[in-house]
Structures are given as C-alpha cells and as structure tokens.
Amino acid sequence: MLVSAKDMLNKAREGKYAVGQFNINNLEWTKAILLTAQENNSPVILGVSEGAGKYMAGYKTIVGMVNGMLEELNITVPVALHLDHGSYEGAKEAMAAGFSSIMFDGSHYPIAENIEKTEELVGLTSAKGISLEAEVGSIGGEEDGVVGAGEIADPQECKQIADLGVTMLAAGIGNIHGQYPANWKGLDFVALAKINEAVAPMPLVLHGGTGIPDAMIKEAISNGVAKINVNTECQLVFRDATRKYIEDKKDLEGKGFDPRKLLNPGFEAIKAIVKEKMELFGSVNRA
C-alpha cells in the first residue's frame, strides 16, 4: 500500500538520515528500486516527472504498476509514489490518479503566486492525506525541458511557504539537476543553515543528488535535509550497463534478442546504485 511521505521524512529528520527519492522511467527501474528497498529494510520514494509520466502512458498506468508490484513482490517497507517537479495542473492530475505524494514546483512564479497556488494545494492534499513538497529558489540545470539557474533561496520566502502547511520544502542552495560542471562551487551551507533555522522542524529536500560529494551529503543531512533526489546517476549506470551488454553480444546480431536479457544488466546496475545511496543516506534498516 502506498503511503504519504510525511511520517518517513519526519522520522528521517529527527534521526539525522535521509530517505532517497529515486526516479522511475519503466518497469525495470521500478522493480529494482522496490526490491532494493525491501532487501535493505529502507523506506523509499519513487519519483515520477511529468515527462516520465507521459512516457509510461499516464499517471493511472504508473499507479497500477506500482500497486501491483507492491503486492506481487511482497513489499512491506514504506513506499511513497511522488510527482516530481509537478505543474499546478499536473499536481491535481497525479492526485486524482492515486499518487500518495506530490511536488508542486512554483519556484518559477513570483513568490505571491507561488504562495497562492501552494496554499490551495495544501488544502487539497491535506484532505486526501497526501504529502506535499514545495520549492523556493529554482534548482539549477534542466528537468523535463525546464531550465533553472540555480538560485539561492531566500530564508524568509522559505518560511512563508513552510507556514502554509506543506510537508517538505525544496530550497535552492546551489544544487543542480544533471551532472555538476567542473567549476561548480558546491552547496551553500550558510544559506542552508539559515533556511533550516527559518523552517524547522520541516524536512528539507535536496534535489540534484547525483555528483554531490559524500561529505556534502552528510553535512546537508545534519542541517535538516531528510529527502535526497537521485535520477541522473541511475540513468548513467543503466545506460552503461545496457551499452556493455550490447557490445558484448554483437555476435548475436541477426538472431533476435530477448528484451529481458537486454535490460537485466541495467536492472542490476540500478539495484547496486540504489543500495549504495541508501547506505550513504543512512536509511538502511529504518523502515
């Protein structure tokens, strides 16, 4: 059964660890993440971008797939199905389809409009027992065609959004989506400390978890971060494992192929990276 992310994140913040959000793009990714969470007795959040939602035939299809896997695979750890960087309308659509957690990314709106739309969604999600993530200060990089400049969030604007009653807050602190450039300056921990002080005890969310040094991850967790998003790293290991399989099996060209065999190396690679991140985040044996 899917659950809200609220309890798992409150426990994570209090316990000084973080729950991983791992984005899903197909059946193999979803199965790999769920099995790894179960094997490591870790709560987990399955993230779905609006683009991935369209690719997988819509939110209802995803809800059906995930619910089916929870039952068929005997998954007993807490699992939240979360819309990642949802638009105002997309958030409502995912809620209606059965998602247990929603992100409304209003960071590209003026703060007054971000507050207005977020406040409405607080009422809707609260009535359904769904967790809600909001964002202040756009995250750098590109996510489904939306490019963020990597703003540093204003602590008072963060407090304004937090006071609306959202479950968790994503605040820009120099983090970006995708791979970090060589000249990246790192996370702004001065800003994070001020934001944490302004919104405590609300769990904070760190987007762009791929490529952030382990020491920075741990310092972020010590400053209120209770949810860390990982997507690009999963994409990279899945790509590399699949490419290697194809290169190793060139002698089979013209004889057909079994897609289950083709995708299995990527499946195993996803399992390995998810386990690695769960251990780094400290969520193992926290279910």
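Some values worked out for this structure:
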item	result
Inter-label distance, nm, simple model (7 Å from Cα along the C-beta direction), residue 1/residue 258	3.8 nm
Backbone N under 17 Å from the residue 111 label point (7 Å along Cα→Cβ), restricted to the stretch 196-226	196-200
Tail fraction, Cα-Cα pairs, the stretch 11-154, threshold 23 Å, whole percent	38 percent
The stretch 175-252: mean projected area of Cα convex hull, nm²	6.4 nm²
Using a Förster distance of 45 Å, the FRET efficiency for residue 27-residue 197 (Cβ separation, nearest 0.05)	0.60
Top of 129, 174, 90 by mean-square fluctuation, Gaussian network on the chain, Cα under 10 Å	129
Taking the chain and dividing mean pair separation by its residue count, relative contact order in percent (alpha carbons under 8 Å, at least six apart)	23 percent
log10 of Debye I(q)/I(0), alpha-carbon scatterers only, for the stretch 42-113 at 0.17, 0.23 Å⁻¹	-0.63, -1.00
Computed lengthening from residue 96 to residue 222, 0.36 nm per intervening residue step minus Cα-Cα distance	41.8 nm
Charged-residue dipole, Cβ positions (Lys, Arg, Asp, Glu), the chain about Cα centre, Debye nearest 20	800 debye
Of 237, 274, 79, the one that fluctuates the most in a GNM where the chain has Cα springs shorter than 10 Å	237
Cα-based helix-to-principal-axis angle, 27-39 vs the chain, degrees rounded to 10	70 degrees
Residue 102 long-range amide H proximity, modeled H, under 5 Å	83, 131, 132, 133
Calculated SAXS-style log₁₀ I(q)/I(0) at q = 0.17 Å⁻¹ - the stretch 6-281, Debye, Cα scatterers	-1.41
Order of 163, 248 under a 10 Å beta carbon neighbour criterion, fewest first	248, 163
Likely footprinting exposure, 158, 234, fewest C-beta neighbours within 10 Å first	234, 158
Footprinting exposure proxy for 108, 82 (fewest neighbouring C-beta atoms within 10 Å first)	108, 82
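Since every read-out is calculated from the coordinates, none of them should be taken as a lab result. As the structure is a computational prediction, the values presented were derived from the model and not from experiment. Quick reminder, even Gly has a Cβ in these numbers, built from the backbone with ideal geometry, and neighbours come from all protein chains shown.
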